[in-house]
Each structure stands twice: as structure tokens, then as C-alpha cells.
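First comes the structure, then the notes that go with it.
The values are calculated or read from the model by the stated rules, or taken from the named source; none is laboratory data. Small disclaimer: the values here were computed from a predicted structure and weren't measured. Positions of Cβ are generated from backbone atoms using ideal geometry, with glycine treated the same way; all protein chains shown enter the neighbour counts.
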Amino acid sequence: MSEIEYLGGERTTRRGAASYMLSGLLRNKGITILALILTVVSTFLLTIPMVIVGLAIDELALSGLSAQFVMYVWEIAGLTALYMGLYFVVGYIWAIVTLRWERDARQEFFEGLQEYSMTFHDQIDSKRILSIAMQDIRWVRFSLNPALRNLAGGLAQFAITGAFLAAIDLLPSMTGFISIAGIPILGFTLIMLIGAPLYLAFAYRYANAVEPIRRKRSEDMERLTSISQGVFRGIEVVRAFGAEDREEEKFRKASEEYKESVAKEGKLAAFYIPALVLTGMTALAFFYGGFAVISGALTIGGFIQVLTLLSALVGLNFLLPRMLLVLRGGYVNAQRVVDILNWEDPMIEPPEEEEGFDWTGDIVFDNVSFRYGAENENGNHYALKNINLTIPGGSRVALIGGPGGGKSTILKLILRLYDPTEGEIRIGDKGLQHARTETVRDAVGLVEQDVFLFRMSVRENIAFGDKNASLEEVKRAAKRAQAHEFIKELPEQYDSMVGERGMTLSGGQRQRLAIARALVQDPEILLLDDSVSAVDAQTEYLLRQALEEVMVGRTSITVTQRLRTLLESDMVVIVDKGQLVDVGSHDKLMRSSEQYRRIFERLPGARQLLDSIATQGGAV
């Protein structure tokens, strides 16, 4: 785990979307407050020249190109230059804060997924995870910068403009311009006090109307990403079955749905009421100011000030609602991220790990039942049901049974990828659930049937279970796994890059690298899920010799359909449809279990072996 501070609080706390969005800003309070203050100051610097322009026009009308007029020109130029410099600084500070947020958010998201059990990955599609990690987190960052930044600047401009218009209303020359019962009416101030809230209310309403469309658009983009990733990862299958046209049609339909979502958002933008409100405010101010000029209560310069200030607000016509929409959209994206981070894992890590685990002791399944995922209204069937089994420490165990019988599930429970739904697994005299998962994975090694290799060098793939393994240790493991010879033939030998999922290697080569990876780890308990299924007879023989050495003094459990493995095992465990059928040595089961004899006789080479043993008069 890295040393980053988790966004929105401790990793174990429940978080809301709003606190998650603001977490990065709150973690950098000083620089965030500075960014907000400078945003307001830069907005003030942007507004002052508009007021000075009016003063300059009045000066020009009264005195021509006087020294005061020139001073006004220099003030406008200086303030504009100062604003541009400050605008750059503000943008740089906001970028620092929000890019830090995005970096930490992705790191937390990635680390959070590492902590979840396999139940999470059974329930949540990997394409959705990728979409959230890459797109949603980026959109949340966009909702902070530029959206939140521009919203802060826009609201500040509304407030500053309102203050300047109120000041113009309060000038001595304006007092009594229009009055009711002797009470002067502050026209510009009233226009802002009535119009600004209306504008913001309609802008908020617009953002609310667009939000579900934006959510749908996000889901449509996720679907497009999912379809694309599925085709690219399974391109060989698509080509092999000539399914290009079908996949293109599927993509076209998803793309049409995405287009419809974007079009709906465009239709709402076409009927944009806040624009009418702002236009009405400007028209009223123009009408009111015109009377003030005609009556002599307001100068032409003052009138220009009013129109310039309100014209600047017109520039916010679409900016504020658009930024508000991005902010609301960011909230939707943040909620999708938080839903993942707040996912309740049924497998709970112990607060304090129990000490004294004897990984060389017996492995005991005490009335263990297990099902994948939570039970639903249809009733999830159990992958394992009421398993009672004791595997003596240091023994060689073969797991055998029909497809879907629960063999691989037993290995996953021992590796603590899942916890039993019911019952308990003990190592020695201690419950496996009292050991932290990283401790279990250090002591238990797995050679999977569907070998996964990472897009990295051969050496890095072999040393994946022990990052401190030296090159000599890697080579020694590769030799024992019968992989060294084909590795030497690769272009860069142990530094050769393995293609995605190891697709540049054959099935047998991938399995030998997986076995070498387990040998480097040197676990106390070794699990092999039909790990020699993709090798030829000669390589299998050599692998068996290597594994013979590795299995000495440690518990090994092998899912297999191989005769030699069954014959050489201390114990054969038969599971079928999640039930424990029988347990015993090969000879015992041949005598007592009709199901085992039936399975054994169907294995390749079994009939010849039985005939040979019968001819010699020996026991099977």
C-alpha cells in the first residue's frame, strides 16, 4: 500500500459523493483558499477597467485628451496586464490542486480494488471498473477545474457587478431620479436583486433537467467502451467465427444511443431560459439608464459603465449553467466512484492477525458450504455443500471429479480468495479467516489452469511472487519447471517481453512459466489446478520430476485428470456437484468406490495400465 492519504477520510469509512469531490481541496486547504481568494481578486481586476472606461469617456467629453484621460488609459492597460498575469497564476494553482486530486483518486481506487475479495470481481464487470477509473475520475476533476473554478469566478463577477451598480445608484446625482412617496428607487440595484436570483434559479433548473441525460450519456459511453474492449480482447474468437458484422452492428446501436443522449442535451440547450433573463436584465438597465441620461441624472460615461458591466455578464450567459452542469455531472461521476469504494466486502480482514499459524499442519474443512455471490430471489446454488475433510500436513492430494464439481473452488477457499459461506477452514488449530490475506498468499502458492501472464519481461513474470528474487533464483526455478530451454531461444531470453496475457507463448510454455513462478515463491502449501494440462507427455514427465522435489515436505493439492498423479498421491478426494463423494488412497478407492473406478477407467491410458497390472497380478 502506498502512503497516500485517502480521499474523503479513512479507507474504511463510508463516503458521500460531495465529500469525495471536495476531499482533495480540503486536504490542501491553504492552497485552495489562496486559489479562491486570487480568483475573486482576478475577477475584481477584470471588472475595474469597465468602470474606468466610463470615467475616461466623461473626462474625454469634458477636457479632451487631458493628462487625467491618459492616466485612465494607463490604468486600464496596467490592470489588464495585472489581470492576465494573475489569471495565469490562478490557473496554475487550480491545476496543481486538482491534478493532485486526480492522481490520488486513481491511486486510492486502484488500491481499493486490490483489497477486495474475488466476490467483488465476480459481481462488477471489469469494463465498468476501467470506465470508472479512466473516465469518471477524470470528469470529477473537470468538475473541480475548470467548472468549480469558473463558477466561483462567475458568482464573484455577479456580486462585484451588483456592488458597482448599487454604487452608481447611490451617487448623489442619481438620488431622487425616480421616487415613490418621496422614496428614491434604486433601479440598477433592483434589476440585479431581482434578475440575478432568477437567472441562477433557471440555470440550476436547467442543470437539473440535463443531469439524467448526462447520466444516460455516461452509461452509453460505458457500454461503448465495454463493447470495444470485449471485441479487442477477443478478436481471435470474433475472426474465427466470422462475427465481425454482428459486432459492428452491436457497436452501431450503442453508438446511436450515445448520439441520442447528446442530441437530447442539445435540444435542452436550444431552449435556454437563463439567456432570456439576462437579456431582459440588460434591456431594463438600458431603458432605465436611458431615462437617467435624458434627465441629466446620469452621465454618458456612467451609462457606458452600466452597459459594459452588464455586457460582461452576458459573457456568463452559457458559462455558468454549463459549469453548473459539469459540476452536477461530476457529482454523478463521483457517485459511481464512491459506489465502488463503499462496496461492502463479505470477506472481512481480521483487525489483528492471530499469530502462530502452522502452515505445515493439517488443513481441515469443518462443515464448509460456499456459494458465489449473495443469495437472490432465484436462490444461488451452492458450489460446495457440507464439506468435511481433513488433509494431513505434508501429504500429496489429488482432487478429481466432473466439471463444475467444486474442485477449483476448494483451492480458492484455501488461498482465501473467498471465505466460506458457512462452516470454517482451519490450518492446524487456527481458523483461516483469522489470517490476513497477504499472509495466506505468502504461505500458499497457486499454479492456475488458465495461466495469466503480465505484459512484462519473462524474468518479472517468474519473480512476480517474490520481487526480491535474484536472476539466479529465477533461472533455477525456470530450469526446475522445464522452462529454461525455450526461454534461451527467445530474442532477449529472460528480458524478453511477454505479450498481453502471454499470447506470444504457447499454452505449455505459459504453464511452465506459471510453475516457475510458484517455485520462486517457495510456499508451504502448493495448489495446482490441472497445471500440466497443456504440455506434452515428455514435458509432463520432466515437470513431474521437478514437482516431485518441490512437493517433498509440503502439502500439495492437485486438480488433475492424470493417471500418474492419482497413482502417486497419498490421498484422492472425489467431489461432484459440490458434494464430497469419497476420500482415500487410489488402491482403497479402486476397491470401494464404483464412481472412482468409473472415472479412472475413462482416463486416457487407464485400460492399458489395468491390463498390465492384471497380467502381473499386482494391485492397482
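For Phe251, are the conditions met, namely being outside the structural domain of Leu165 (by TED's automatic domain parsing), surrounded by fewer than 19 Cβ atoms within 10 Å (Cβ to Cβ) and either modelled with pLDDT of 80 or more or of a type in the set (D, E, K, R) (or both)? Yes; evaluated as a whole, the condition is true for this residue. Only one of the listed residues (Ala477, Ala469) is more than 28 Å from Arg233 (Cβ to Cβ), among the hydrophobic types (A, V, I, L, M, F, W, C) and in a loop (DSSP other than H, G, I, E, B). That residue is Ala469. Of Tyr258, Tyr199, Tyr204, all but one fail to be more than 21 Å from Trp139 (Cα to Cα) and at pLDDT 75 or above; the exception is Tyr199. Does Ala312 meet the test of being more than 29 Å from Leu413 (Cα to Cα), buried (at least 20 other Cβ atoms within 10 Å of the Cβ), outside the structural domain of Val440 (by TED's automatic domain parsing) and among the aliphatic types (A, V, I, L, M)? The answer is no for Ala312. Here is a list: Val474, Val447, Val520. Which entry is out of contact with any Cys (no Cβ under 7 Å at 6 or more places or on another chain) and modelled with pLDDT of 85 or more? Of the residues listed, the single one that is out of contact with any Cys (no Cβ under 7 Å at 6 or more places or on another chain) and modelled with pLDDT of 85 or more is Val474.
All conditions but one from (1) farther than 13 Å from Val447 by Cβ; (2) modelled with pLDDT of 80 or more apply to Thr504; the one that does not is (2).
All conditions in (1) more than 30 Å from Leu186 (Cα to Cα); (2) surrounded by 14 or more Cβ atoms within 10 Å (Cβ to Cβ); (3) not aliphatic (A, V, I, L, M) hold for Arg246, with the sole exception of (2). On the given criteria, is Asp245 assigned by TED's automatic domain parsing to the domain that holds Leu165 and within 28 Å of Arg128 (Cα to Cα)? Criteria not met by Asp245. Check region 137-158 and report whether any residue there is farther than 26 Å from Val40 by Cα and at pLDDT 85 or above. Looking for residues that are farther than 26 Å from Val40 by Cα and at pLDDT 85 or above, one finds at least one in region 137-158, hence yes. Scanning region 459-471 for residues that are surrounded by fewer than 15 Cβ atoms within 10 Å (Cβ to Cβ) and modelled with pLDDT of 85 or more yields Ser470, Leu471.
Scan region 348-374 for residues that are part of a strand (DSSP E or B) and farther than 21 Å from His121 by Cβ and jot them down. Correct list: Ile363, Val364, Phe365, Asp366, Asn367, Val368, Ser369.
Any residue at all in region 49-71 that's more than 30 Å from Ile348 (Cα to Cα) and within 33 Å of the chain's Cα centre (by Cα)? So far as region 49-71 goes, no, none of its residues is more than 30 Å from Ile348 (Cα to Cα) and within 33 Å of the chain's Cα centre (by Cα). The condition (being over 39 Å from the mean Cα position of the chain (by Cα), in the same structural domain as Ser369 (by TED's automatic domain parsing), aliphatic (A, V, I, L, M) and modelled with pLDDT of 80 or more) is satisfied by just one residue among Ile574, Ile525: Ile574. No other residue among Val337, Val364, Val332 is closer than 30 Å to Gly112 by Cα, hydrophobic (A, V, I, L, M, F, W, C) and at pLDDT 85 or above apart from Val337.
Counting the residues of region 15-28 that are in a helix (DSSP H, G or I) and either modelled with pLDDT of 85 or more or surrounded by 14 or more Cβ atoms within 10 Å (Cβ to Cβ) (or both) gives 9.
Checked against the criterion of being among the basic types (Lys, Arg), closer than 30 Å to Val332 by Cα, part of a helix (DSSP H, G or I) and in the same structural domain as Gly154 (by TED's automatic domain parsing), region 227-234 contains not a single residue that satisfies it.
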